[in-house]
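Only one structure is covered here, and it is reproduced in the block below.
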Amino acid sequence: MNSLFEKYRGFASKIFPKNQHLRKTFLDVVLSMTEILCKFPEELSSGDLAEAYSALRFVTKAGFKLDWLEKKLKETGKSRLQEIEEDLKDLKVKCADMDALLDFLR
């Protein structure tokens, strides 16, 4: 967490609730999002990305300035989408091949 404060100074400057548990919860959410985004895109499920977007909305509504994290999340989402589209393209080719084989065997 200290490295986040060092690298992204001020991301939580306006947010420090007096309630220690609430403050810890916000910071845990931010830390969890950074851990998710450290994974390779192919390791992330759609659910992981959806949860990260929800968490981002949660902490930004609380006042955190996380433009850098939002940018990284969007890049990760785009990368994952490209991988899924490539997989889909491969599956469509395999399906077409199987259809052609079925037509040939009939």
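The values are calculated or read from the model by the stated rules, or taken from the named source; none is laboratory data. Being a predicted model, the structure only gives us computed values, none of them experimental. SASA here: full protein model, heavy atoms, side chains in, ligands and nucleic acids out. Shrake-Rupley method; radii C 1.70, N 1.55, O 1.52, S 1.80 Å.
General observations
- Once the 1.4 Å probe is applied to the protein heavy atoms, the stretch 25-106 comes out at 71 Å² accessible per residue.
- For the stretch 41-106, the fraction of 1.4 Å probe accessible surface lying on carbon and sulfur atoms is 57 percent.
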